[in-house]
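The values are calculated or read from the model by the stated rules, or taken from the named source; none is laboratory data. It should be emphasised that the depicted structure is a prediction, and the values quoted were computed from it without experimental measurement. Virtual Cβ from ideal backbone geometry, glycine too; neighbours counted across all protein chains shown.
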Amino acid sequence: MQMPAPDAGVIARRDAIAARLSAALADPAAVITDPTETRAYECDALSAYRCPPLMVVLPSTTREVSAVLRICHEENVPVVPRGAGTSLAGGSMPTSDAVIIGLARMNAILEISAEDRLVRVQTGRTNLSVTGAVEGQGFFYAPDPSSQLACAIGGNIAMNSGGAHCLKYGVTTNNLLGATVVLMDGSVVELGGPMGEGAGLDLLGVICGSEGQLGIVTEATLRILPKPAGARPVLVAFDSPVTAGACVAAIIRSGILPVAIEFMDRPCIAATEDFCGAGYPDCEALLIIEVEGTAPEIEEQLTLIREIAEGFALLEFRESGSDEESRRIWLGRKSAFGAMGVISDYMCLDGTVPVSRLPDTLAGIGDLAAKAGLRVANVFHAGDGNMHPLILYDANKPGDLERCEALGAEILRLCVEVGGCLTGEHGVGVEKRELMGSQYAPADLEAQMAVKDVFDPGWLLNAAKVFPLAVSEARRGARRGQDAA
Amino acid sequence: MRPDSEDDLAAMIRAASGPLRVTGGGTRSRPAAGEVLDLRGLAGITLYEPEALTLIARAGTPLAEVEAALAAEGQMLAFEPDPRPGSTIGGVAATNASGPRRLSAGACRDAMLGVRFVTGTGEIVRNGGRVMKNVTGYDLVKLLAGSRGTLGAITEVALKTAPIPPVRVTLRLDGLDDARTMAAMMAALSGPYDVTGAGRLPEGGVVLRLEGLPGSVESRAKALSAALKPYGHAEIVQGDADFATLRDFAMAAQGPLWRIVLRPSQAEAMLAQLPGRHAVDWGGALIWAEAPPDWHPALRPGARASRVIGAPAMLPEPDAVTARLTAGLRAKFDPRGIFGGQA
Ligand SMILES: Cc1cc2nc3c(=O)[nH]c(=O)nc-3n(C[C@H](O)[C@H](O)[C@H](O)COP(=O)(O)OP(=O)(O)OC[C@H]3O[C@@H](n4cnc5c(N)ncnc54)[C@H](O)[C@@H]3O)c2cc1C
């Protein structure tokens, strides 16, 4: 992974910068320069790529974040914001001249309002613990990435993360009402408002999904929803992935909107069976479909779903009759990534395609994999077409990672060709940066970079991400020119 | 000027020297200077895939045409824009027009999957796409939604569509004062009833909408009526005509009209100060208020108000950082200031 050459001038000034930052924080230990400690921040969940940062700062308040950014701005030091470091795209991977600003200490609940159905949190708080804080009052926070036990709200906002249940409830941007954002120059701004509406332009909407390149989000107001009366999954088994894909499109077309439709193919099913023995049927592909409501409402929806599925040569329609059976139906899906990791190294893709194109995209991926001589397992959010092909490879076999990356790029280009996109929820980061040109024309990228020019004119904030390095070079270079002067 | 292709439009913008006023049907515009740039020549639905819940239309396509195409397939725009005669889909997007179902289904911006637009320098830009989940690059779709033609002329919009629910009912409660109106709405919205509209009609009457499969609507209506017992007897009415009244309040308004967004917990105090005819929507997060020209609402922290009919006014003024960012974005997308100030 190519990263811009670090700024030797900044590295040489490390101790002076650290001293200034320590002086600005209530707890001097919140600035970490010891290389054995900063090593913990050298990568995120895209762990193939690593680089220890210049230092790590762990502020406790919005004011401290503002002070730290102001100093970094004055010192012309690159900054990488970090939540929990679970990005799969290298979004929080630093460079050796960068200060990591970690939000881990900022995890307070600031307000819960049942009347207004919202919760206000500091963004270092983990996703699942937001629901934890409001469920006593009968509410939940809907976006539920599989990493929800670990990942932070700040990372969710930066990546506009999704989850299994976003088919019904939307992704982060649809559940975010407001944010306190600190810009690179240290200025603080409140974005959004009631129903997410701010003054004039929808700046909150642009911050969400900007991968930590426009500002550091320190506080967030999130929409919470009343917990449904109940939920029940069914497992539907098919004799081919293409048939399962066609069934998904038919369900969506029928007007029923389940909360989740998840897909797994045979390689994935086999791996999870070995891993956790969920007792899945022996089949080429399966869907897990979850519906919500009271018992009669659930029955009503499942009856319609069964009727549709029966038109697609289904092998089995397994309804859950108890909480334990529901748990077992979800068990394999929830363990899928872990299970694949046990049998092989893998690379997880995240392209989205129109639901109507699922069947032929699955077939196309199979063809590309066969040509490349690599195995691909599929497990994904089928209801919204967000695919997660997992390409299996052997990290110890010379050339295998390169072949895997080449196949990954081909699969993502296929997703774009059929009307989809490179990434549905994991973000571009460093991982898909160089592929951006296959989805966007130069003018499209220019317009996006113009937004960064406004929020972060010096291109100090997480600058080597999202845009192809050659495309952002002039802007990033300008910073260095300034530095030399 | 009335271009009939995107390239034409780009050429006209490049050639323009004075201010332009980008319009669709002109049904949601506010008064502004400049030569009219009428986008109704860029019309037509370019893609509609009901099985993928996706529709793409050129900006000048009449809203009515979009709604008719959707209805023919049993679908709709979930965000329920008010159907102003002559309104175009580009105008809906550029004003983020969203009706009562915004409460549960989100605003127009939440249904917008992609846009094409032409900047003030005549550059054609595409952002987003046509798929349900897309985090590839920055979300300029949200930035353009509601930007009122100040950043670019939107030429095409990709929208997420929704199935029309087979059954709709409205629960109606009459004779509640402001405090009990708000309490009743909050009770309805805090339980597992999946309420898709909650407001109070201009003539009084709290209305709550339930939609979905027949059995489900029936059982939720029963449960919700029971939960609302403390507020009186909820009459169950088939259909949702009352929500058209709420949705269209601004269209039918007499004289100056304020649009106030606030936390529902602030609504009771706001209702107490209103001088005239008004309506409540979004469970108390939106209040429409007719008021004499010299009236201004007193806002609690976080609330926002704008006078949408009558002399333009916006409360509170944007803070300095927001103003700087807004001006910066306008300078980037429209460096010559071609797009007259409508924001
Ligand atoms: C096992 C596993 C399963 C996953 N499943 C899902 C899934 O189902 N859906 C999904 O969408 N993702 C998933 N992810 C990806 C990842 O969890 C999400 O992208 C998550 O939102 C990242 O949050 P984080 O706190 O770990 O952020 P980090 O990895 O720390 O950072 C991610 C990005 O956000 C920026 N950032 C972090 N905090 C802030 C802040 N406060 N202000 C500004 N920028 C900030 C960083 O600079 C970086 O660019 C999964 C990851 C793993 C490892």
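Please determine, by comparing only the residues of segment A:85-121 that are among the small types (G, A, S) and surrounded by fewer than 24 Cβ atoms within 10 Å (Cβ to Cβ), which one is farthest from the ligand (Cβ to nearest atom). It comes out as A:A114.
Considering A:T126, A:T33, A:T38, which residue is within 11 Å of the ligand (Cβ to nearest atom) and among the polar types (S, T, N, Q)? Explain how you work it out, then say what you get.
Numbers: A:T33 fails: within 11 Å of the ligand (Cβ to nearest atom); A:T38 fails: within 11 Å of the ligand (Cβ to nearest atom).
After ruling out the rest, the residue left standing is A:T126.
Within segment A:169-189, the set of residues being farther than 19 Å from A:G209 by Cβ and at the interface with chain B (Cβ under 10 Å from one of its Cβ atoms) comprises A:D185, A:S187, A:V188. Selection over segment A:134-149 of residues that are near the ligand (Cβ under 9 Å from one of its atoms) and closer than 16 Å to A:A229 by Cα gives a count of 0. Counting only strands (runs of 3 or more DSSP E) that sit completely within segment B:135-227, those holding 1 or more residues that are closer than 19 Å to A:P226 by Cβ and either within 8 Å of chain A (Cβ to nearest Cβ) or touching an Asp or Glu at 6+ places or on another chain (Cβ under 8 Å) (or both) correspond to B:167-173, B:195-200, B:206-212. Looking only at segment A:141-175, how many residues end up being among the β-branched types (V, I, T) and free of Cβ contacts under 8 Å to residues at least 60 places away in the same chain? Count: 2. Of everything in segment A:422-471 that is among the aromatic types (F, W, Y) and either within 14 Å of the ligand (Cβ to nearest atom) or facing chain B (nearest Cβ under 7 Å) (or both), the residue that is farthest from the chain's Cα centre (by Cα) is A:F455.
Within segment A:317-354, the residues that satisfy the criterion of being surrounded by fewer than 18 Cβ atoms within 10 Å (Cβ to Cβ), over 28 Å from A:M159 (Cα atoms) and not aromatic (F, W, Y) are A:E319, A:G321, A:S322, A:D323, A:E324, A:E325, A:R327, A:I343. When residues in segment B:309-338 are screened for being within 13 Å of chain A (Cβ to nearest Cβ), in contact (Cβ under 8 Å) with a residue 12 or more places away in the chain and part of a strand (DSSP E or B), 2 of them pass. Evaluating A:P28 against the criteria (1) under 30 Å from A:P226 (Cα atoms); (2) surrounded by fewer than 17 Cβ atoms within 10 Å (Cβ to Cβ) leaves one unmet condition, (1).
Within the bounds of segment A:383-397, is there any residue that is in contact (Cβ under 8 Å) with a residue 60 or more places away in the chain, part of a helix (DSSP H, G or I), crowded, with 18+ Cβ neighbours inside 10 Å and polar (S, T, N, Q)? No, that holds for no residue.
Rundown of residues vs (1) polar (S, T, N, Q); (2) within 30 Å of the chain's Cα centre (by Cα), yes/no style:
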position	(1), (2)
A:A5	no, yes
A:A8	no, no
A:I11	no, no
A:T38	yes, yes
A:L46	no, yes
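Test A:P228 against the stated conditions and say whether it is crowded, with 22+ Cβ neighbours inside 10 Å, more than 14 Å from the ligand (Cβ to nearest atom) and within 7 Å of chain B (Cβ to nearest Cβ). Give the derivation first.
Details: crowded, with 22+ Cβ neighbours inside 10 Å: no; more than 14 Å from the ligand (Cβ to nearest atom): yes; within 7 Å of chain B (Cβ to nearest Cβ): yes.
Judged against the criteria, A:P228 is not a match.
Examine segment B:220-233 for a residue that is among the charged types (D, E, K, R) and touching a residue at least 40 places away in the same chain (Cβ under 8 Å), and state whether such a residue exists. Within segment B:220-233 (the criterion being among the charged types (D, E, K, R) and touching a residue at least 40 places away in the same chain (Cβ under 8 Å)), the answer is no, since none of the residues qualifies. Residues that are on the phi > 0 side of the Ramachandran plot and touching a residue at least 40 places away in the same chain (Cβ under 8 Å) were ranked within segment A:261-304; the one that is surrounded by the most Cβ atoms within 10 Å (Cβ to Cβ) is A:G293.
As for segment A:347-370, it holds at least one residue that is outside the structural domain of A:S87 (by TED's automatic domain parsing), of a type in the set (V, I, T), in a loop (DSSP other than H, G, I, E, B) and in contact with a Cys (Cβ under 7 Å, 6 or more places away or on another chain). Among the listed residues B:A68, B:A57, B:A64, which satisfies the condition of being among the small types (G, A, S), closer than 19 Å to B:A93 by Cα, under 21 Å from the mean Cα position of the chain (by Cα) and assigned to a strand (DSSP E or B)? On inspection, the qualifying residue turns out to be B:A57. Could you go through segment A:64-72 and let me know if any residue there is assigned to a helix (DSSP H, G or I), free of Cβ contacts under 8 Å to residues at least 24 places away in the same chain and away from the ligand (no atom under 15 Å from the Cβ). Among the residues of segment A:64-72, not one is assigned to a helix (DSSP H, G or I), free of Cβ contacts under 8 Å to residues at least 24 places away in the same chain and away from the ligand (no atom under 15 Å from the Cβ), which makes the answer no.
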